[in-house]
Structure formats: structure tokens, C-alpha cells
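What follows is a short report on a single structure.
The values are calculated or read from the model by the stated rules, or taken from the named source; none is laboratory data. It should be emphasised that the depicted structure is a prediction, and the values quoted were computed from it without experimental measurement. Heads up, the Cβs are rebuilt from the backbone with ideal geometry, glycines too, and the neighbour counts pull from every protein chain shown. The area values use the complete protein model at the heavy-atom level, side chains included, leaving out ligands, DNA and RNA. Shrake-Rupley method; radii C 1.70, N 1.55, O 1.52, S 1.80 Å.
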Amino acid sequence: MRAKTMLKKTSLVLTIATGLLSATSANAMKLKQQNLQELTAASQNIIAGEVIKVTDGFDNKRPYTEVTINVSSDAKGKLKEESTYTFRQFGLLEPRSMGNGKVYLGVTPDGFAKWTEGENVIAFMYKPASITGFQTTAGMAQGKFVVRDGKVMNQFANSGLFEDMDTAGFSDEERNMLTNPETVKIDVFMNLVGKLVGVQ
């Protein structure tokens, strides 16, 4: 009898967690495409730096991934250079055993940015949620760029990043990004971000 009750409880936990993930994933699939100007306007901070720590846990029974970035610069000028920036994003890194045969499946949903220690990033950070304090990047995964070999790219290979933008004030190098979005140089990218911040 006890085993049957335990199985029912485990099944209920799995069903709820799966439902939560399915609903969130469905919303993530409907992400509104945002260009660089929109990402810049929606961001509280635009952080360049190295991810130095990624952990997960629960806050009032809410699953989170905690990320710490060693800040080299903030294009919005609100954070000091060589400081650290820590935030919590919804969802665990991976399913977690809760004991008594229960497994919590509330991992970071599809469409959210994923974080790895040691990667260099440019993170367009949206403001924290008013109730939970959880935070993610503007445009979700669209607002997190990984820097490799002097180039920046988000999870969507920069697709749509420069669409519907007024390019009148672009330099030749910046206009080149429109036709080659997968080969965006970090210095050109950050210079353009600086211009966009300046006109807000």
C-alpha cells in the first residue's frame, strides 16, 4: 500500500514537472525575434566578461541556475569593470533526484540562454522579475552571445539580429555585418552597441 502511494506521488511530481516544462517550452518556441536595437533597449545591463561560476538549486521551492560573470565592461556604464555580476535564471542545470525515488525535472527550458563556466560572453541582461528576482537575457537566448576567435554569435547564429534597423549611421564594417551575420567581429559589434546605447 505504501509503495503504491509512493508511486502515485512520484507520478504526480513527474506529471506536474513535465507539464511545466512543456508549457514553458511551448512559449519559448514562440520567441519574438528581436534585432540588436531592440535587445539594447530592453537591457538593464550589457555585460562583457567571463562566466566564472554556474550552479543550481532551489529558492522557495523554485528551481534556479545561478550564474556569476567576471565583468570586463558594461556598455550601459552601470557596473564597474573587474567586478562580478551574479544572477539567478529559472530552471535547474539537469534533473535532480529528490530522494524517495522522486526526480525533479524542472530544468532550464528551451529558448533560455545556457551557461558554461569559462566561456566569454556578451550578455544583454533584462531586468529581474519583480516577484522572484529571477533574471535572464533580453530576448532570452537571443541576448546571450558567446565570443570565440574574436567573433560573437548567439544561439540562433545571429539570425535576424540586424533586420529592420536604420543603417544610415553605420560604418562600412557595420554594414558588412548585415550580409555576414555569422562573422561579426567583437570590436565592431561592441562599437555598434555603444552607438545604440548613446541614442537611447
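Structure data summary
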quantity: Spin-label pair Asp149/Lys127, simplified geometry with 7 Å Cα→Cβ offset, distance in nm; calculated: 4.0 nm
quantity: Largest to smallest accessible area among Phe124, Phe58, Phe162 [probe 1.4 Å]; calculated: Phe58, Phe162, Phe124
quantity: Calculated log₁₀ intensity ratio I(q)/I(0) where the Debye formula runs over C-alpha points of segment 45-123, q = 0.23, 0.26 Å⁻¹; calculated: -1.02, -1.17
quantity: Accessible surface, 1.4 Å probe, highest first, among residues Met98, Met153; calculated: Met98, Met153
quantity: Net charge of Cβ neighbours under 14 Å - reference Thr167; Lys, Arg +1; Asp, Glu -1; calculated: -4
quantity: Accessible-area order (highest first, 1.4 angstrom probe) of the listed residues Asp187, Asp164, Asp59; calculated: Asp164, Asp187, Asp59
quantity: Asp187-Lys78 pseudo-label distance in nm [points 7 Å out on the Cα-to-Cβ vector]; calculated: 2.9 nm
